[in-house]
Amino acid sequence: MLARKSIIPEEYVLARIAAENLRKPRIRDRPRKARFIAKNGACNLAHKNIREQGRFLQDIFTTLVDLKWRHTLVIFTMSFLCSWLLFAMMWWLVAFAHGDMDPSTESTTNSTKWTPCVTCVRSFTSAFLFSIEVQVTIGFGGRMMTEECPLAITVLILQNIVGLIINAVMLGCIFMKTAQAHRRAETLIFSRQAVIAVRNGKLCFMFRVGDLRKSMIISASVRIQVVRKTTTPEGEVIPIHQVDIPVDNPIESNNIFLVAPLIICHVIDKRSPLYDISAADLALQDLELIVILEGVVETTGITTQARTSYIAEEILWGHRFVPIVTEEEGVYSVDYSKFGNTVKVAAPRCSARELDEKPSILIQTLQKSELSHQNSLRKRNSMRRNNSIRRSNSMRRTNPSLIVPKVQFITPEGSQSASET
């Protein structure tokens, strides 16, 4: 605007803008790696160029269970409609071959000289209605079988068998879809973020897991895997290299009693892939920690599995989870509103290897945190003391009745002295 009004020369404005752009550093965001497991446990994997599609038809029941609900309902409806139409065509052919479709046989039927295979089947519509009555066992009473045609009896038996098979497969498929194991995993929750802090003198990777239902998960176990892209000494690139890391559990069976939310801990030692990673290196690491919780559902006996993952941006260094289990009137209460809340704590910023080589780093860090804590307490106490003094002074100014009156004392010499009581 100033350049247009000729107040400042245009050449000066352009030069200044160019200088400001040169001063500002251009930081390009590092391309974010696609995570292998989503936060809800879904696998971020696409299968392409599968040539042997017939293998899915060899296990047709599992294929039907894995389909989406809209596809399952379409197959459920079409299986019954196709079977009804197929056997309606067969019944129509039986009646046509026997001559039941001939109008001249209607008068002879009334005089009991002609016995049809199926009574009251005169068209394809009536044959379709009879097919539905046979397979669903409705039996309205207007159409019924006779013992005149052995072929019709064979078709009746065949339709009953096919109808039972369709009912068993489709109802079993729908039952398995409604009772799938991953439905129970919807109430198994993990903290949105993981933390790294000092526990028992060791750097530990920790996250919280909980169960929202009262029905428990029997024989629950937790596994942790690190997924990262690695290159072997021979030059082979492994895009998804999985490494198991141990979980610190005082129980030898490695099972957890998930009656209340628990903090799962992994000690970062020499066996851990996180042993050489410091707080500064964590943001630059291209790794993903996958957490797998497995157990048996108490009510159904089905094995279920819940999954989640943590990338480097979701790991907080020097934080700790707040306690959420309290005892109220003889009952343990869990506050799920604080399930993922963390607080900052003192933790060395170095790697676990450096901490093992120089244990004094931990002592210095704890001493600094203790001094800072004491200083903060002193500041709080001084601020409270100053605030109380200010409040008392303001109350004396606003309320004159609180002001102490002055009293004069007369000495024997006759001089007066004023003092406050």
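Details
- In the stretch 34-64, the residue that is least open to solvent (accessible area, probe 1.4 Å) out of those that are within 23 Å of Glu314 (Cβ to Cβ) and outside any loop (DSSP other than H, G, I, E, B) is Ile37.
- Positions within the stretch 264-295 being surrounded by fewer than 17 Cβ atoms within 10 Å (Cβ to Cβ) and over 27 Å from Glu357 (Cα atoms), in sequence order: Ile292
- For Ala179, the conditions (1) surrounded by 15 or more Cβ atoms within 10 Å (Cβ to Cβ); (2) farther than 30 Å from Gly99 by Cα; (3) of a type outside the set (Lys, Arg) are fulfilled apart from (1).
- Considering the stretch 211-231, the residues that are touching a strand residue (DSSP E or B) at 6+ places or on another chain (Cβ under 6 Å) and of a type in the set (Lys, Arg) include one that is surrounded by the fewest Cβ atoms within 10 Å (Cβ to Cβ), namely Lys229.
- Residues that are in a loop (DSSP other than H, G, I, E, B) and open to solvent by 90 Å² or more (accessible area, probe 1.4 Å), drawn from the stretch 301-355: Pro323, Glu329, Arg349
- Those residues of the stretch 281-300 which are under 20 Å from Asp244 (Cβ atoms) and assigned to a strand (DSSP E or B), in sequence order: Leu287, Glu288, Leu289, Ile290, Val291, Ile292, Leu293, Glu294, Gly295
- Residues located in the stretch 128-184, provided they are modelled with pLDDT of 85 or more, among the β-branched types (Val, Ile, Thr) and over 27 Å from Trp114 (Cα atoms): Val136, Ile161, Val162, Ile165, Ile166, Val169, Ile174
- Residues (farther than 14 Å from Leu86 by Cβ, open to solvent by 30 Å² or more (accessible area, probe 1.4 Å) and either of a type in the set (Asp, Glu) or in a helix (DSSP H, G or I) (or both)) located in the stretch 128-140: Leu129, Val136
- Where Arg208 falls short, out of the listed (1) free of Cβ contacts under 8 Å to residues at least 40 places away in the same chain; (2) surrounded by 11 or more Cβ atoms within 10 Å (Cβ to Cβ): (1)
- Residue count, the stretch 356-381 (criterion: farther than 29 Å from Lys270 by Cα, of a type in the set (S, T, N, Q) and either modelled with pLDDT of 75 or more or open to solvent by 60 Å² or more (accessible area, probe 1.4 Å) (or both)): 4
- Members of the stretch 232-253 found to be at pLDDT 85 or above, open to solvent by 70 Å² or more (accessible area, probe 1.4 Å) and assigned to a strand (DSSP E or B), listed by number: Val237, Gln242, Asp244
The values are calculated or read from the model by the stated rules, or taken from the named source; none is laboratory data. Just so it is clear, the model here is predicted, and its values are computed rather than measured. Ideal geometry is used to build each Cβ from the backbone, glycine not excepted, and the neighbour counts take in all protein chains shown. In case anyone asks, the SASA skips ligands and DNA or RNA and just uses the protein heavy atoms, side chains included. Shrake-Rupley method; radii C 1.70, N 1.55, O 1.52, S 1.80 Å.
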